[in-house]
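Beneath this line is the structure, given in structure tokens, with notes to follow.
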Amino acid sequence: MEPTVEQKHSRLFMVLAGIVITNALLAEMIGVKIFSAEATVGSQPAHLNILGFTMDFNLTAGVVIWPVVFITTDLINEYFGKPGVKRISYLTAILIAYAFVMLLVAIYLPPADWWIEANNRGPEGSNFNIDFAFGKIFGQGQRIIFASLVAFIVGQLVDVFVFQRLRNMTGSRMLWLRATGSTLVSQFVDSFVVLYIAFSGIFSNKQILAIGITNYLYKACVAVLLTPLIYIGHGMIDRYLGKEHAERMSENAAGESKGFF
């Protein structure tokens, strides 16, 4: 039996919301690892001179999948407007906070002796404390967690605001401009909000700026390179909903998205 328009509408939102929540939560979990972007592609460290600091592209592993969140947010923005983005953003932040509380509980649970004994050797035979490693991996500082959640919410609100302002200026044309443009602006805000909240008083302002600029250069390049994916997602949704209904949803979304908050 063919699903009704309302059923398609609900299923689409559920799928897009699931993608945002899953990838945002994963990005927070794997974000404790710092990787070398240069080594990943087989090149030498960049050694960029930014504000007097030598900067390489040493990035949190979370940046690998954060673009998925912003692409999906743009699709939610296109079809469900600011109300849809706000609902899923607040829910995602609450679920991420819940996940970290549960991880904190797990860290403080007393380990079983046999588990410690079964995992007490490293790959080269060195002594290894798996309970300590578990705590180090999942026990991110509370300040960093708070900074990440604030930056996520602020970034999402900026993204939806810029997206809809560009949508009002261009109409249904130039999807690339509102999608990529809003991501570039929101990622800029996100990059510096999280760093200033997490590391103000630990690093100097100039060092935070240097780190933020390096991170943003990477994020901006990725945002531009992934622009075609927004068209692919847009096309798939149009085919699923039907072109006429998809356009009506987009127009309604734009009409419901006034102001910043």
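Of the residues T72, T54, which is more than 26 Å from G235 (Cα to Cα) and among the polar types (S, T, N, Q)?
On the way: T72 fails: more than 26 Å from G235 (Cα to Cα).
Every option except T54 fails the conditions.
Determine whether the stretch 72-84 contains at least one residue that is basic (K, R) and open to solvent by 40 Å² or more (accessible area, probe 1.4 Å).
Checked against the condition, which is being basic (K, R) and open to solvent by 40 Å² or more (accessible area, probe 1.4 Å), the stretch 72-84 yields no hits at all.
Can you confirm whether the stretch 144-163 contains a residue that is exposed (fewer than 15 other Cβ atoms within 10 Å of the Cβ), assigned to a helix (DSSP H, G or I) and either of a type in the set (A, V, I, L, M) or modelled with pLDDT under 90 (or both)? Walk me through it before giving the result.
First pass over the stretch 144-163, keeping only residues exposed (fewer than 15 other Cβ atoms within 10 Å of the Cβ): none.
No, the stretch 144-163 contains no residue that is exposed (fewer than 15 other Cβ atoms within 10 Å of the Cβ), assigned to a helix (DSSP H, G or I) and either of a type in the set (A, V, I, L, M) or modelled with pLDDT under 90 (or both).
In the stretch 15-40, what residues are open to solvent by 80 Å² or more (accessible area, probe 1.4 Å) and either closer than 13 Å to I96 by Cα or over 22 Å from the mean Cα position of the chain (by Cα) (or both)? Don't jump to the end; show me each part of the working.
Restricting attention to the stretch 15-40, the residues satisfying the condition of being open to solvent by 80 Å² or more (accessible area, probe 1.4 Å) are 15, 26, 33-34, 40.
Across the stretch 15-40, the qualifying residue is only L26.
Which of the residues that make up the stretch 167-202 are over 22 Å from the mean Cα position of the chain (by Cα), open to solvent by 60 Å² or more (accessible area, probe 1.4 Å) and over 18 Å from G31 (Cβ atoms)?
Residues satisfying the conditions are N168, M169, S172, R173, M174, G201.
The values are calculated or read from the model by the stated rules, or taken from the named source; none is laboratory data. Bear in mind the structure is a predicted one, so any value in this text is a computation, not a measurement. Note: ideal-geometry Cβ built from the backbone for every residue, glycine included; neighbour counts use all protein chains shown. For accessibility, only protein heavy atoms count, side chains too; no ligands or nucleic acids. Shrake-Rupley method; radii C 1.70, N 1.55, O 1.52, S 1.80 Å.
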